[in-house]
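Report on the structure given below.
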Amino acid sequence: MMYSQILVSYDISETKKRNKFFDELKDLGLKSIQKSVFWGYVLPSEKRIIKELFKKYCDIQTDKAFIVNATLDKDLKDSFGYDEDDFPHPENF
């Protein structure tokens with residue numbers, strides 16, 4: 001399978017929508033690494049689902065969200081409080 005690593009960051013003003021978005025990201029297997037930041041391995045189809053979740057839970061006028069490719073399991077060198085165990089390979093889930 002062709003997994004890619006991503007970071008998802010969001011600022012959703014409405015608490016109910018923010019909580020639902022959080023739960024949906026967890027259900028996709030992403031890991032919360034900060035309050036509004038998730039990391040994980042996803043398939044292309046899951047990345048498309050996350051984009052649809054943006055449309056479902058984000059208000060275009062007030063909210064912000066993004067997805068970025070990120071290879072934290074290999075490239076995380078300058079960090080505080082994180083270690084390699086925080087970013088496991090999908091085979092270790």
ask   = Within the set of pairs 6 or more residues apart or between chains, which connect a residue that is touching a residue at least 60 places away in the same chain (Cβ under 8 Å) inside segment 40-60 to a residue that is outside any helix (DSSP H, G or I) with Cβ atoms less than 7 Å apart?
value = none
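If you take the residues in segment 26-54 that are basic (Lys, Arg) and over 13 Å from Met2 (Cα atoms), which one is surrounded by the fewest Cβ atoms within 10 Å (Cβ to Cβ)?
We begin by selecting, within segment 26-54, every residue basic (Lys, Arg); these are 26, 31, 35, 47-48, 51.
Then drop every residue that is not over 13 Å from Met2 (Cα atoms), which leaves 26, 31, 35, 48, 51.
Working: Lys26: 13, Lys31: 15, Lys35: 8, Arg48: 11, Lys51: 11.
Within segment 26-54, the match that is surrounded by the fewest Cβ atoms within 10 Å (Cβ to Cβ) is Lys35.
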inquiry  = Considering only residues that are surrounded by 14 or more Cβ atoms within 10 Å (Cβ to Cβ) and either within 19 Å of Met2 (Cβ to Cβ) or in contact with a Ser or Thr (Cβ under 9 Å, 6 or more places away or on another chain) (or both), which ones fall in segment 59-76?
reply    = Asp63, Lys64, Ala65, Ile67, Ala70, Leu72, Asp73
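Every number in this text was worked out from the coordinates using simple rules, so none of it is lab data. Please read all numbers here as calculations on a predicted model, not as lab measurements. All Cβ positions, even for glycine, are placed from backbone atoms using ideal geometry, and neighbour counts span all protein chains on display.
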